[in-house]
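Only the coordinates and a few stated rules stand behind these numbers; no lab work does. Everything quoted here is computed from the prediction, not taken from an experiment. Using ideal geometry, Cβ is built from the backbone for each residue, glycine included, and neighbour counts are taken over all protein chains shown.
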Amino acid sequence: MTADTELLTVPQVMAHLKVGRSTVYDLIRTRQLASLAVGRARRIPTHALSDYIHRHLDQEAA
């Protein structure tokens, strides 16, 4: 698995963004952050987290 296809857990995304669990699930629910279901668990591809961060940086700069 390459770094681009690595899957992060919700707690890992929480740590990266410095936000709570409900915020991460809200981002997933509103489709601002792409994720996939692996059984009953949610996983977020690293590229989806990077895309989310870059979109918000671009919005802040505008």
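For ALA15 and ARG40, the difference between the fully extended length at 0.36 nm per residue and the C-alpha to C-alpha distance is 6.9 nm.
Long hydrophobic helices in the chain: none of the complete DSSP H runs spans 30 Å or more by Cα along its own axis with mean Kyte-Doolittle hydropathy of at least -0.5.
Can you give the charge dipole size of segment 3-61 about its Cα centre, rounded to the nearest 20 debye, using +1 on the beta carbon of Lys and Arg and -1 on the beta carbon of Asp and Glu? List each step's numbers first, then the result.
Values: 8 positive and 6 negative charges, 78 e Å.
Roughly 380 debye, rounded to the nearest 20.
Normalised by the number of residues in the chain, the average gap of Cα pairs under 8 Å and 6 or more apart makes the relative contact order 37 percent. Taking only alpha carbon atoms, segment 3-61 gives an Rg to Rh ratio of 0.95, where Rh is the Kirkwood radius.
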